[in-house]
Amino acid sequence: MELVIQNLSKTYPNGTKALKSINLTIPKGMFGLLGPNGAGKSSLMRTIATLQEADRGSIMLGSMDVLREKEEMRKVLGYLPQEFGVYPKVSAEEMLDHFAVLKGISNSKERKEVVQALLQQTNLYDVRKKNLGGYSGGMKQRFGIAQALLGNPKIIIVDEPTAGLDPAERNRFHNLLSEIGENIIVILSTHIVEDVTDLCRNFAIINKGEVLLEGDPLQVIDSIRGRIWRKFINKDELVQHQLQHEVISSRLFAGKTIIHVLSEVQPGPEFEAVAPDLEDVYFSKIHETALRDQTSSAHAIMN
């Protein structure tokens, strides 16, 4: 089963074009939706989750018309939003049981078995009696996945799930998502490139409501192999290099600034070739969009 999105567009009342003719095909497994804050990722997730209307376009889950069959979609959807609130004075076991009732699991024996199985799967069974207010950020996220798994969903959406987690909790969460993604569609919306690199067999980059790139992470990394160059510079030299070269990213390391430049040939004798990664692909696409917008703005001013 695939999720097929065609020509999906959404403009908010304030004039913000959140989605601009989005076309994506999302197969079973982990799919990464990568983009900066404000790129349109959450707008797309909310539309898929039937929480907001689209202006035009279609979303099909197999033979199901998601935008027209909202109730049917909700029956097969698990959703962990970016802001997942919990009742702090209720235990995980009680809260999950309540969610199970809302999902339509009315038989108490069946519900107890489901709740216990999900708490085991998310490694929360030993703290099932603990109030959710006492959970760490990572534990709350794993509880969020537990509630999303209720009802054996065919598709799960997780929106920025690892933001703010410490490395150990992030690893636990990655392992859990990887296990879940073996059998169903899991859409991971994030601005953290490493999450997509670690987990996803397919991904897309979205920025300013547009899909910039879609594909297999390993294949798109290969597409820029031999074109990424690195140089250590002083911080005050950054602007000069940005004017002379296509600088796609810069970061501090041991008091120096490292720049990555996209170029078909060695930009200068002090540049060294580096093996690209998904972060280089991501920044090159974001940079490409910024240059395009600058050119469009310049043409608009001239005309």
- Task: Please give every one of the lysines within straight-line cross-link reach of K285, meaning a C-alpha to C-alpha distance under 18 Å, and leave out same-chain neighbours fewer than 8 residues apart.
- Result: K20, K41, K208
- Item | Range in the chain, longest, excluding exposed GluC sites (Glu not before Pro) [loop by DSSP; at most 13 other beta-carbon atoms within 10 Å] | 84-181
- Taking all protein chains together and a probe of 1.4 Å, list R111, R74 from the most accessible to the least accessible. R74, R111
- Task: Along Cα→Cβ, 7 Å out, is where each label goes; now give me the distance between the ones at D126 and V265 in nm to one decimal.
- Result: 6.1
- Message: For the stretch 45-96, what does the accessible surface come to per residue with a 1.4 Å probe? Please give it in Å².
- Response: 55
- Item | 5 angstrom amide H check on G29, placed H, neighbours 5+ away | I184, I185, V186
- Task: With a/c under 1.5 counting as rounded, go ahead and sort the stretch 1-154 into rounded, prolate or oblate using the C-alpha gyration tensor (a ≥ b ≥ c being the square roots of the eigenvalues; past the cut-off, prolate if a/b is larger than b/c, else oblate).
- Result: prolate
- Got a number for the accessible area of R251? Probe 1.4 Å, square angstrom, nearest 10. 130
- Query: For the chain, what % of the accessible area comes from carbon and sulfur atoms, probe 1.4 Å?
  - Reply: 48
- Picking from I259, I221, I233, which is most flexible by a Gaussian network model of the chain using Cα springs under 10 Å? I233
- So what's the chain giving for Rg/Rh, alpha carbon basis, Kirkwood Rh from the mean inverse pair distance? 1.03
- Note on the structure: Sorted by chain and number, the residues with a modelled amide H under 5 Å from that of Y135, at a separation of 5 or more or across chains, are none
- Item | Antiparallel content of DSSP bridges confined to the chain, in %, to 5 | 65
- Message: Need one word for the stretch 1-44: rounded, prolate or oblate. Basis is the Cα gyration tensor (sqrt eigenvalues a ≥ b ≥ c); a/c below 1.5 gives rounded, then a/b vs b/c decides.
- Response: oblate
- Tell me, what is the per residue accessible area of the stretch 177-280 in Å², probe radius 1.4 Å? 53
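Helix-only mean residue ellipticity at 222 nm, the chain, DSSP H runs n ≥ 4 weighted -39,500 (n - 2.57), per residue, nearest 500. What is it? Display every interim value, and only then the final one.
Working: 10 runs with 110 residues, N = 303.
Per the formula, -11000 deg cm²/dmol.
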- Taking H placed 1.01 Å from N in the peptide plane, check which residues at least 5 places from R56 or on another chain put their amide H under 5 Å from its amide H. S9
- Using only the C-alpha atoms of the stretch 221-302, find the volume of their convex hull and express it per residue in Å³. 107
- Message: Could you tell me the center-to-center distance, by alpha carbons, between the stretch 189-213 and the stretch 1-61 in angstrom?
- Response: 13
- Of G40, G255, G181, which has the largest mean-square fluctuation in a 10 Å C-alpha GNM of the chain? G255
- Accessible area (Å², 1.4 Å probe, nearest 10) - R292: 110
- Write down Rg/Rh for the stretch 159-230, rounded to two decimals, with Rg from the C-alpha atoms and Rh from the Kirkwood relation over Cα pairs. 1.00
- Taking the alpha-carbon centre of each part, the distance from the stretch 75-139 to the stretch 235-249 in Å is 50
- Note on the structure: With the dipole of the stretch 2-215 defined by +1 on each Lys or Arg Cβ and -1 on each Asp or Glu Cβ, the option from V4, Q116, T197 whose Cα lies farthest towards the positive pole is Q116
- Note on the structure: Under the Karplus relation with 6.51, -1.76 and 1.60 and θ = phi - 60°, whole-Hz ³J(HN,Hα) for the stretch 175-188, x at Gly and Pro, equal 4, 5, 4, 4, 5, 5, x, 6, 10, 9, 7, 10, 9, 9
- Query: Which lysines, on any chain, are close to K103 with Cα under 20 Å apart, when same-chain ones fewer than 8 places away are left out?
  - Reply: K70, K75, K112, K140, K154
- Query: Using the Cβ atoms and a cut-off under 13 Å, what net charge is assigned to the surroundings of I286, where Lys and Arg are +1 and Asp and Glu are -1?
  - Reply: -3
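The values are calculated or read from the model by the stated rules, or taken from the named source; none is laboratory data. Predicted, not measured: the structure shown is a model, and the values here were computed from it. For neighbour counting, all protein chains shown are included, and Cβ atoms are generated from backbone atoms with ideal geometry for every residue, glycine included. Protein only, heavy atoms only, side chains kept; ligands, DNA and RNA dropped before computing areas. Shrake-Rupley method; radii C 1.70, N 1.55, O 1.52, S 1.80 Å.
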